[in-house]
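Let me begin by presenting the structure, written as structure tokens, before commenting on it.
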Amino acid sequence: MELTFYIAAAVAVLSTIMVITRYNIIHALLYLVVSFLAVAVVFFTLGAPFMAALEIIIYAGAIVVLIIFVIMMLNLTQEDVRREKEWLKPSVWVGPAILSAVLLAELVYIVAAGTSPQTEAVVAVDAKLVGLSLFGPYILGVQLCGIMLTAGIVGAYHLGRHKKKVIHRFLQERSAAA
Amino acid sequence: MILLWMIVILMAGGLLAWLSKKWHPELPRWIALFAVLADFILAVYLWLTLPAATLGASPWLLQLEIPWIPQWGVNFILALDGLSLLMLLLTFFLGILCVLVSWREIQTKSGFFHFNLMWVLAGITGVFLTLDLFLFYFFWEVMLIPMYFLIGIWGHANRTYAAFKFFLFTQASGLLMLLAILGLYFIHGSQTGTYTFNYFELLGTTLAPEAARLLMAGFLAAFLVKLPVVPFHSWLPDAHSEAPTAGSVVLAGLLLKTGAYGLLRFVLPLFPTAAVEFAPWAMLLGAVGIIYGAVMAYSQTDLKRLAAYTSVSHMGFVILGVFAFNVWALQGVVMQMIAHGLSTGALFIVAGLLYERLHTRDMGQMGGFWAKAPKLGVFAMVFVMASLGLPGLGNFIAEFLTLVGSWQANNWLTVIATIGIVLATAYSLRIMQKVFFEPAPTDHPLPDLSAREMLIAVPMIALILWLGLYPQPVLDTVQPSINQQLQAYQEPEVKEKVAVVEAVPKAELSIGKDKRGKTKVPL
Amino acid sequence: MENYIWLIPALPFLGSLLLILFGTRLSRAGVAILGVGSVGISALITILLGLQYLAEKPAFYHQEVWQWFNVAGFSPSIAFHLDALSIVFIFVITFVGFLIHLYSTAYMAEDMDFSRFFACMNLFVGSMLLLVMADNLLLLYFGWEGVGLCSYLLIGFWYKDPANGYAARKAFIITRVGDVAMAIGLFILFQTFGTLHIQTILSQAPEVWSVGAQAAVLVGLLLLGGAVGKSGQLPLQTWLPDAMAGPTPVSALIHAATMVTAGVYLIARMYVIFDLAPVAQMAVAVIGAVTLLLAGFSALTQYDLKRVLAYSTISQIGYMFLALGVGAWSAGIFHFMIHAFFKALLFLCAGAIILALHHEQDMRQMGGLRKSMPVVFWTFLIGAASLAALPLITAGFYSKDQILWYALAGPQGSIWLYLAGLVGAFITSVYTFRMVFMTFYGEPKTHVAHPPGKIITIPLVILAILSLVGGFIELPHNFAHVALFSGLMAPVLPGITANELLAANEWLFQVLAAVVSLGGVFVAYLFYQKSPALLASIERSSFAMALHRFWFSGWGFDALYDALIVRPYVFLANLNKRDIIDSFYTGLARTAEGFHVMISQTQSGVLRNYVAGVVVGAIMILTISLLL
Amino acid sequence: MSGAPMEAALLLAGVLFILGLISVLIRRNIIFMLISVEIMLNAAGLAFIVAGSRWVQPDGQVMFIFILTMAAAEVSVGLALILQIYHQLKTLDSDAASFMKG
């Protein structure tokens, strides 16, 4: 089981690195799916099989599909890939990478310095328990999530809708000035 | 109930005035006038009918207590004693004048103007009446915001700047006071277990010296800025000079008095030991303020700015007197509050009348009005003389009593303050010289006072003369309150003084013997 | 009669009030009747009251009108206390005041602001009466400031000329400097005695303070400060010569006869304090002596007729201070009364001349008026003789002789004070007759336009008679010995005994004084009448010219104060016109604004920068929490 | 079932988070940024799962569900916004929208 974890973890990290280094969005998305799947495996090893399933369904499924739909609507071409390459020069990424590396180092230090608890056998927390606590003490959170999703739907519909006149007033001013 | 009515009449009058603009453009003025007049008549009625509180007994004449937010210990408490009664009389009197003086001056948005004016007055009335600290803070803000609009909408050229400055100074200091109020609330609550904002209950709070100092600093912040005392005065010249006439009159005549009132009502009784510690510094600030204000006033060329700095100078006497902790000084302070309200109000009215006619406040543009407008000249002369402290006018009684009192407390600062009188002469006479006597640089037509303006001028002159020649009714009205405020300072002495007050007036000789050696207030 | 005491000040106040309210609607005759009448009735009541006082000889009359206020035992009243001292003063104020009012109706007849003039004059008389009748120091202070106001209003009466306004303000402000000293004196008195009632203070002071007590000296000096300011004594004398900018009747009434002697009244009234404070009393004498000399020399050099008289007033009040300072209380008051007569007379004569010569005040433009204005000439001559203290016939001789005598022979007298007085007397008679010769003798230089009418000459004649016979109520004991005046004063002010040794030879000093006075007249005659060339030759020397300039400018006090006080004050005030403290707050606002500009730079709109900011923040927080 | 080491799992979450962060920082394409945010959210969720597993409590998984919901809502709104931006600016460059700083 431990081995499964390490392999899955390695896959997750590698595929994520691939995600962030791709120039073509579709390629990146494919790696992203791999990454999500690997994380799902990690969940499984951590004794959360239900979450693993959710991860696959929602992240690897719904969200990625949504993104792909949008990309399809945008009619991206080879030109965009070339521009992406142009944007991703070492001078651009070195600074943020160092910054993030510092952050990572600190995280590692914190995790390593923490009094490590004795590794015990992973006990699965079954979905029933999760459901009980979700509709028990966290009922307010569930309701809020419902509201948020509603807002998300309304917002997405409102923003995504094609209107005859699409130019925002800020841009109108700008084009008028130009 | 009558106390609540006073506030309600003003607030309702304000709303009605705002609405009535739609029906008839002149209606807001009349509604405002009648609202304030009604309040004034109520206050005068109270003054004449309520028996003067017997000395030694409770000074409170009327009280109203309604629970408001009981779980926080907030009550709607209104209470009237001699001090607040006098302040109310002043408020409503000046309120009437403000409506009258704006009759021609304010032509734009007159409905909203009168709404704001009424609500400022309502806020001031509330401040003078309430004895619940929560409510006090509420009214403190109520008088602030309409004032902001009065300056910001109907002011002169630089009004936005002045309005912001006024708002920032008073709001920031007011928040410090809120902190202090809350601090007092929690300390009292943790000591006794009853969390309350009730003034009477908070009076008994025993405070650690350190806490008392901090809490007093919070209250002082609000009151000293409002008063204003010299390093915190710089909002005042801008606000005064940019405000419309009615705004200046309310500012100088009333808003500054809320600071003085706060010192008397809250700082003195709540923090006796801390106040005694702070007294020399406060008196120093007062003396510095007297001199500094006078010097600044001398150099101004803007008539309203000059008058504003005279306020700074005169308010120096207030703080000098308050922290002298004796009956003479406090009587002088109360007198100063009233007399200064009238005299500086009058000076601003003069400035406003001149502005209405000439459209300038620059004294360099004025001159020779003595011949053209003799009535205006006499009006100005009387109040210029009042502001330099001429005997026979109210300010003299105020300043002399204050100085007599402060002499008992601190000789050198009193000497400095007295020198301020010479400087007051210098700037006051400069007004007369520049505006009325010197030949005019330009030949403006200058109509003399109209009947409406005479209606403003004559009562003011009559009142200031009355205050100067027979101030006893005023002094008697306020005496019990002052004894109350001073109780914490000189328990045995007050008793003695009470006896003195009751004694026949011709017993001066024996009093002189009693007093010797005892007149020095322990500090 | 004593029930009508309150009417004496009330009538002028009422007159003033009516004139302010209705003055513009009344005819000139109406204004004159109201203005003169109110003072006239006051004078009548005063004379009747005075006669009653002389007949009954009570200690004093007292009347309380109402209690002013009462704060914890501080309870001054609007109440009047009349004893011999006050009666002398109110007699002079109302009677001389009445004559001057009468005179003014003619003098001011042409003026636009006829009613304003009488309103102010009445207000002045009322305030002055309050001052001298007050039974407590606060009411006295009321009158004291009131007369200051009227003085201000009347000096600046012709306000169209800014110079007059300047003089008026100068007068008010300088006297206020003295008033501050006096106010502080009142604070100390109140702290010590718990009251400001004059008689109480006077009766208790010797019990509370021993002779020479520090507090007593302090109070004495502070009261002296007030007196010095009001009475134009050193070092606050500079306002008085400028005060001549006012109309001449004003100079006569306020700046010669009454208001400027308020200081004398104050010191005499509070004599007990000065008795207890020998240092303060000595200061009074010294200030008087120095002032009378300085002012005398300045008077020698003036060309403006009224300025000569102004300096002469300062000088004569110096004599009164000298008298008070050596303890010759009654002599000081006697000189006040006589001085009021002859100085008012001189001013009124000067006014008649000025009016006749179209407001010409320069003596160099006058001359030969003896023929064209005989009445004025004779009355002026009488006044001048009285001022110069010509022996035997003039009242001035008797009053001044007393002062000189006690300055030497009194218990506090000294040879130096006497010498100062004697030199002063000589100078007085020189400048007085310089005035007479320059104005009335020689060639006429300006045409006389309006010969003075009856209304002008009648007051002159009355005052002239008083200036002559007024002295006969108090004659030296070795010469007829009439002591009516000092007898009158005896219950109020302590008497004085002369040094035994000197007393034997008193006649010698009287003769000396007479000789000095006559010598002065002779010198004036020599220089200004007989051989002006002699004077011209002296004046040509550079030293004399410098001295002349120095004296002419009043010993440079004006320039000194201007450079030391006025200019720095105005400079500092103007320097700080924008209010330095405000710059602290605007600085605060600027700083906040600066930070705002700085921080708003970071809002670039580039999303990645914001993220970077978040990261940096996270790193910082983590680092801090790790390090701690 | 021998459990996976907690530290390693937490480190994995950290590494994934940092990778997402780097991507947000270096990418100008808005869609890439959105994808990176998803990675970061996922990493955060992983950390919750780890914690929940460590204490054998359901709360960690509850939190993950909340995060999931939020991510879904965020992606839908975010994509709608991207569409708008693309329509208006004809580019996916996030810097092009910097004039909206106000």
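Readers should treat all values here as calculations from the given coordinates under stated rules, not as data from a laboratory. None of the values given here were measured: they were computed from a predicted structure. Note that each Cβ is placed from the backbone with ideal geometry, even for glycine, and that neighbours are counted across all protein chains shown.
Just a few scattered comments:
- For the protein assembly as shown, with +1 on Lys and Arg beta carbons and -1 on Asp and Glu, the positive-most of B:250, B:68, C:279 along the dipole: B:250
- Dipole moment magnitude, nearest 20 debye, region B:356-443 about Cα centre, only Lys, Arg, Asp, Glu C-beta charged: 120
- Charged-residue dipole, Cβ positions (Lys, Arg, Asp, Glu), the protein assembly as shown about Cα centre, Debye nearest 20: 2980
- Excluding same-chain neighbours fewer than eight residues apart, the aspartates and glutamates reachable from residue C:445 by a Cα-Cα span under 16 Å are C:304, C:360, C:362.
- Dimensions of region B:161-227 from C-alpha coordinates, computed as largest minus smallest value along each principal axis and given longest first, are 46, 21, 16 Å.
- Remark: relative contact order (region C:115-162) = 39 percent; criterion is Cα-Cα distance under 8 angstrom and separation of 6 or more residues.
- Cα-based shape type of region C:431-518, given that a ≥ b ≥ c are square roots of the gyration tensor eigenvalues and the cut on a/c is 1.5: oblate
- For C:349, C:120, A:145, the sequence from fewest to most other C-beta atoms within 10 Å is A:145, C:120, C:349.
- Distance violations [Cα-Cα > 31 Å] among B:22/D:101; B:165/C:160; B:257/B:372; C:160/C:577; B:226/C:160: B:22/D:101; B:165/C:160; B:257/B:372; B:226/C:160
- Relative contact order (%) - chain B, alpha-carbon pairs under 8 angstrom, separation at least six: 15
- Solution diffusion estimate, µm²/s, Stokes-Einstein, region B:2-520, Kirkwood Rh from C-alpha pairs, 4 °C, viscosity 1.567 mPa s: 56
- Cα-based shape type of region C:490-578, given that a ≥ b ≥ c are square roots of the gyration tensor eigenvalues and the cut on a/c is 1.5: oblate
- Positive end of the dipole of the protein assembly as shown (Cβ unit charges, origin at the Cα centre): among D:87, C:421, A:45, the Cα lying farthest that way belongs to D:87.
- Dimensionless Rg/Rh of region C:160-557 - Kirkwood Rh, Rg from C-alpha atoms: 0.98
- Dipole magnitude of region A:1-125, debye to nearest 20 (Cβ charges: Lys/Arg +1, Asp/Glu -1, about Cα centre): 320
- Straight-distance crosslink candidates among aspartates and glutamates, where the alpha carbon sits under 15 Å from residue C:530 and sequence neighbours closer than 8 are dropped: C:443
- Rounded, prolate or oblate (a/c below 1.5 giving rounded, otherwise prolate when a/b exceeds b/c) for the protein assembly as shown by Cα gyration tensor: prolate
- Cα lying deepest toward the dipole's positive end in chain B, options B:451, B:421, B:291, charges on Cβ: B:451
- Cβ-based net charge around residue B:50, under 15 Å, with every Lys or Arg adding one and every Asp or Glu removing one: -2
- In loop segments of region C:219-308 as defined by DSSP, the chymotrypsin sites (Phe, Trp or Tyr not before Pro) with at most 14 further C-beta atoms inside 10 Å of their C-beta are C:303.
- 5 Å binning of all Cα-Cα separations within chain A, expressed as whole percents from 0 upward: 1, 6, 8, 11, 14, 16, 16, 12, 7, 5, 2, 1, 1, 0
- Region B:95-192: relative contact order as a whole-number percent, Cα under 8 Å and 6+ apart: 22
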